[in-house]
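Participant: Here it is: the structure, laid out below.
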Amino acid sequence: MRLITIGFSHYCEKARWALDRMGVNYTEDSHAPLAHYPAALRASGQRTVPVLVTDDGVFADSTDILRYVDPFLPEAARLFPEEEDARRDVTDLVETCDREIGPRVRRWVYAWLLGEPEIVRPLIERSMTDAEKRMSPILMPLVIAGIKRGLKISPELRESQFEKIKASFVALAPRLAGKKYLAGDSFSAADLALAALSAPALGVENHPVLHPDPDALPAGMRAQIEELRETRAGQHVLTMYRDHRKQENSAAK
């Protein structure tokens, strides 16, 4: 199997986690943002990643990758319940994370870090192929300008997206009252999606790609991270990475 990614993308981490949970050997083909277009287009006809290339077909959506992986997992480790109502509940939660939390976290991170070249440049370079690294002096300004323009990044997003992320976390809190998991009594695709897509906003441990130095982050960003970590949903994400990702995290293959 081959997983085409932007290495630090939280949607790609969602797919990577599922494959690591499956315990299958795969090759990760990581690229810088924008530079990933050729590989993604050749594999799937689309520009988005992650893309999973398998003998069974090509899967060009992170949730589709979770669904592909699920039947290969032991029954007790399945990500989607068999029972129809429970499965619908998990699916709805995954879609909420994909539609709301994922985009908000992405814009929030970029709003803080695109103006911090000593942080963002190494992060992007670690996702590059060797050929992309050789072109980095030319490629990097194009990548940063493309992200700013494509996602309409501005400093104002630091507050507005933070408030939206926090509101999403608050909305999930009742589901976690006295419970270990978002849906049912076991780890599911809902927990995986929430954790993977929230990870960049929480400075999680046990992440296979992101290894933030809190002291290097802007003070305002650190304060917002701490506030999110104190929420019930934030604590849940940290617990999911501690209790599940640690065992399932395999080094880049």
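The values are calculated or read from the model by the stated rules, or taken from the named source; none is laboratory data. Keep in mind it's a predicted model, so treat the numbers as computed, not measured. A quick note on method: Cβ atoms are made from the backbone with ideal geometry, for glycine too, and the neighbour counts reach across all protein chains shown.
Participant: Which one is nearest to the chain's Cα centre (by Cα) among residues in segment 191-229 that are part of a loop (DSSP other than H, G, I, E, B) and closer than 24 Å to residue 155 by Cβ?
Facilitator: Looking at residues that are part of a loop (DSSP other than H, G, I, E, B) and closer than 24 Å to residue 155 by Cβ, I get 210.
Participant: In segment 199-219, is there at least one residue being under 29 Å from residue 82 (Cβ atoms), out of contact with any Ser or Thr (no Cβ under 7 Å at 6 or more places or on another chain) and among the hydrophobic types (A, V, I, L, M, F, W, C)?
Facilitator: Yes - at least one qualifying residue is present in segment 199-219.
Participant: Only residues that are closer than 23 Å to residue 144 by Cβ and either loosely packed, with under 15 Cβ neighbours inside 10 Å or in the same structural domain as residue 127 (by TED's automatic domain parsing) (or both): list them for segment 47-67, please.
Facilitator: 47
Participant: Inside segment 182-194, can you point out the residues that are within 17 Å of residue 82 (Cα to Cα) and either among the small types (Gly, Ala, Ser) or in contact with a Ser or Thr (Cβ under 8 Å, 6 or more places away or on another chain) (or both)?
Facilitator: 182, 183, 184, 186, 188, 189, 190, listed by residue number.
Participant: Related question: Would you mind telling me which numbered condition in (1) within 24 Å of residue 126 (Cβ to Cβ); (2) surrounded by fewer than 13 Cβ atoms within 10 Å (Cβ to Cβ); (3) among the charged types (D, E, K, R) residue 245 fails?
Facilitator: The number of the failed condition is (2).
Participant: Hey, another quick one. Return the residue satisfying two criteria in turn: it lies in segment 68-104 and is of a type outside the set (Lys, Arg) and outside any helix (DSSP H, G or I), and of such residues it is surrounded by the most Cβ atoms within 10 Å (Cβ to Cβ).
Facilitator: 79
Participant: Residue pairs, Cβ under 9 Å, 6 or more apart or interchain, first in segment 139-168 and under 10 Å from residue 104 (Cα atoms) and assigned by TED's automatic domain parsing to the domain that holds residue 113, second of a type in the set (Lys, Arg) and loosely packed, with under 14 Cβ neighbours inside 10 Å. List them.
Facilitator: Sorted first by the residue in segment 139-168, then by its partner, the list stays empty.
Participant: Scan segment 72-95 for residues that are free of Cβ contacts under 8 Å to residues at least 40 places away in the same chain and within 30 Å of residue 151 (Cβ to Cβ) and jot them down.
Facilitator: Those that are free of Cβ contacts under 8 Å to residues at least 40 places away in the same chain and within 30 Å of residue 151 (Cβ to Cβ): 92, 95.
Participant: Can you tell me how many residues within segment 105-117 are in a helix (DSSP H, G or I) and at pLDDT below 95?
Facilitator: 1
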